[in-house]
Amino acid sequence: MVTRGFVGRRRAPGDTGTRLPPGQYLTQDFPILQIGPNPEVDLATWRFTLREGARPIKSWTWQEFEALPRTAWHGDIHCVTKWSKFDTAWEGVSVDDLLADAGIAAPTDYLLAEGYDDYTTNLPVADLVGGQAMIATRYAGAPIEPDHGGPARLFVPHLYFWKSAKWLKGLRFTRKDEAGFWEMRGYHMYGDPWREQRYTGD
Ligand SMILES: Nc1nc2c(c(=O)[nH]1)N[C@H]1C(S)=C(S)[C@@H](COP(=O)(O)O)O[C@H]1N2
Ligand SMILES: [Mo]
């Protein structure tokens, strides 16, 4: 039960000013944003695949994926629609550990993250390695709910949250920086919340 007293003690932390990127406001709830309905994702047939262009490099079943080394992350997330949420806790497999398990170094400098709903978003590989990103499977100590991209979503907290593709199906390495779904529709190619890179030209 959430009592009035408990709610009353919840307030923005004292360092909100330094933790909130320009133009953002702090929210306590967790908004759900996506281009369509949740795709059906069955763990029995779930696959996560690394590709270079059309060529598959390696695929993992859910069981194989769950056996990979685990990473935890705690911190703040920022959505281009201007909400930020502090102190979120995620667990999953870092992109570093994934590449190590595949036995490869990234073959190109860019990739497209692809969702089971055919959503795509582009990222520089340099922003995903070095402990900066993971394929998250748990949020706040429980499996990620379908509404937030479960069973597995990309998680790149230093960029606006549209870069964190939900229902992740794979990562496709590309020779050039190719625009994804929102980037083709006017969103910024990179999306740094601290430089307020919301739209093309920001
Ligand atoms: N597969 C997929 N991933 C997606 C989206 C989507 O439509 N499909 N929307 C993006 C957008 S615009 C945002 S702001 C975040 C929202 O994540 P949330 O619903 O967990 O808050 O997911 C991103 N990842
Ligand atoms: Mo978004």
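Is it the case, given these coordinates, that residue 45 is without any contact (Cβ under 8 Å) to a residue 12 or more places away in the chain, of a type in the set (Val, Ile, Thr) and loosely packed, with under 14 Cβ neighbours inside 10 Å? Walk me through how you get there before you give the answer.
On the way: without any contact (Cβ under 8 Å) to a residue 12 or more places away in the chain: yes; of a type in the set (Val, Ile, Thr): yes; loosely packed, with under 14 Cβ neighbours inside 10 Å: yes.
Yes; evaluated as a whole, the condition is true for this residue.
Under 19 Å from residue 48 (Cβ atoms) and within 13 Å of the chain's Cα centre (by Cα): does that describe residue 160?
no
Taking region 141-183 as the search range and keeping residues that are without any contact (Cβ under 8 Å) to a residue 40 or more places away in the chain and either part of a helix (DSSP H, G or I) or in contact with a helix residue (DSSP H, G or I) (Cβ under 8 Å, 6 or more places away or on another chain) (or both), which one is farthest from ligand 1 (Cβ to nearest atom)?
So the residue we want is 158.
Tell me, which strands (runs of 3 or more DSSP E) wholly within region 54-119 include 1 or more residues that are open to solvent by 10 Å² or more (accessible area, probe 1.4 Å), away from ligand 2 (no atom under 16 Å from the Cβ) and closer than 15 Å to residue 157 by Cα?
On the way: elements: 55-61, 71-78, 83-94, 110-115.
By residue number, 71-78, 83-94.
May I ask you to list the residues in region 123-132 that are open to solvent by 10 Å² or more (accessible area, probe 1.4 Å), of a type in the set (A, V, I, L, M) and assigned to a loop (DSSP other than H, G, I, E, B)?
Of region 123-132, the ones open to solvent by 10 Å² or more (accessible area, probe 1.4 Å) are 124-127, 129-132.
Going one step further and asking which of them are of a type in the set (A, V, I, L, M), we end up with 125-126, 129.
Scanning region 123-132 gives a single hit, 129.
Taking region 14-36 only, how many residues are farther than 18 Å from residue 197 by Cβ, away from ligand 1 (no atom under 16 Å from the Cβ) and either loosely packed, with under 12 Cβ neighbours inside 10 Å or among the aromatic types (Phe, Trp, Tyr) (or both)?
4
Under the condition of being touching a Leu at 6+ places or on another chain (Cβ under 8 Å) and of a type in the set (Phe, Trp, Tyr), which residue from region 163-202 is nearest to residue 48 (Cα to Cα)?
173
Name the single residue that is farthest from residue 134 (Cα to Cα) among those in region 77-98 being among the aliphatic types (A, V, I, L, M) and more than 15 Å from ligand 1 (Cβ to nearest atom).
Here is the first cut: in region 77-98, the residues among the aliphatic types (A, V, I, L, M) are 77, 80, 89, 93, 95, 98.
Next, only the ones that are more than 15 Å from ligand 1 (Cβ to nearest atom) stay: 93, 95, 98.
Working: 93: 5, 95: 5, 98: 9 Å.
Among residues in region 77-98 that are among the aliphatic types (A, V, I, L, M) and more than 15 Å from ligand 1 (Cβ to nearest atom), the one farthest from residue 134 (Cα to Cα) is 98.
Give me a count of the residues in region 184-199 that are without any contact (Cβ under 8 Å) to a residue 40 or more places away in the chain and either in a helix (DSSP H, G or I) or open to solvent by less than 100 Å² (accessible area, probe 1.4 Å) (or both).
Going through region 184-199 one residue at a time, the tally reaches 7.
The values are calculated or read from the model by the stated rules, or taken from the named source; none is laboratory data. The model shown is predicted, which means the values in this text are computed figures rather than measured ones. A quick note on method: Cβ atoms are made from the backbone with ideal geometry, for glycine too, and the neighbour counts reach across all protein chains shown. With ligands, DNA and RNA removed, areas are computed over all heavy atoms of the protein, side chains included. Shrake-Rupley method; radii C 1.70, N 1.55, O 1.52, S 1.80 Å.
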